[in-house]
Amino acid sequence: MKTDLEARANVESLDDLHAQRRDILAMFAPLKAMHGAFGLYDARRKALLEGLKVRTRERLMAANAKVTDAIVDAEAHNDPTYVAWLDEQFTDKVRYVQLEVEMDEIAERIRNRELSLQIFNSEVKLAR
């Protein structure tokens with residue numbers, strides 16, 4: 001709901017903008033923790049890949065198949081679990097970028113609101 005000043009100045013409600021930002025933040029924060037600067041994406045990817053390499057190596061050894069680092073690495077990279085995880089992370093990264101833009105747009109709307117209020121106050125002073 002707008003305050004009296006917001007209604008007179010015809011600007012967006014700061015409370016509404018903050019509520020929108022909080023709603024987006026609930027979805028954005030986990031994605032930023034994974035894909036943002038200093039995020040966990042690479043560490044999680046490496047941990048998954050190393051686990052798959054161990055599992056692949058054990059499977060090959062149990063089958064008395066030839067075990068080389070190149071074979072283990074190739075099979076782990078092509079494991080359906082790893083491929084599915086990468087696909088999921090791609091989708092999440094796209095959503096992260098979209099939400100980041102939405103957050104930036106709300107910040108711009110808040111800044112525009114501040115400037116509009118300054119102009120409104122200046123016009124009120126001039127009208128006196």
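Where a number appears in this text, it was derived from the coordinates with a stated rule and is not lab data. Small disclaimer: the values here were computed from a predicted structure and weren't measured. Here the Cβ positions follow ideal geometry from the backbone for every residue, glycine too, while neighbour counts run over all protein chains shown.
Things worth noting here:
- Among the lysines of the chain, pairs that are 8 or more positions apart or on different chains and have alpha carbons within less than 26 Å of each other number 7.
- Axial C-alpha extent at least 24 Å, average Kyte-Doolittle at least -1.0 - helices from the chain (DSSP): 14-35, 41-62, 80-127
- Rounded to the nearest 0.05, the FRET efficiency derived from the C-beta distance between Ala47 and Glu105 at R0 = 30 Å is 0.30.
- Calculated FRET efficiency for the pair Ala26/Glu58, C-beta based, R₀ 41 Å, to 0.05: 0.55
- Computed lengthening from Ser116 to Lys93, 0.36 nm per intervening residue step minus Cα-Cα distance: 4.8 nm
- Peptide packing: for 46-53, 64-71, the average count of neighbouring Cβ atoms within 10 Å per residue gives the ranking 46-53, 64-71, highest mean first.
- Mean residue ellipticity at 222 nm, helices only, the chain: -29000 deg cm²/dmol; runs of at least 4 DSSP H residues each add -39,500 (n - 2.57), and the sum is divided by the number of residues.
- Considering only alpha-carbon pairs that sit under 8 angstrom and 6 or more positions apart, the relative contact order computed for the chain is 34 percent.
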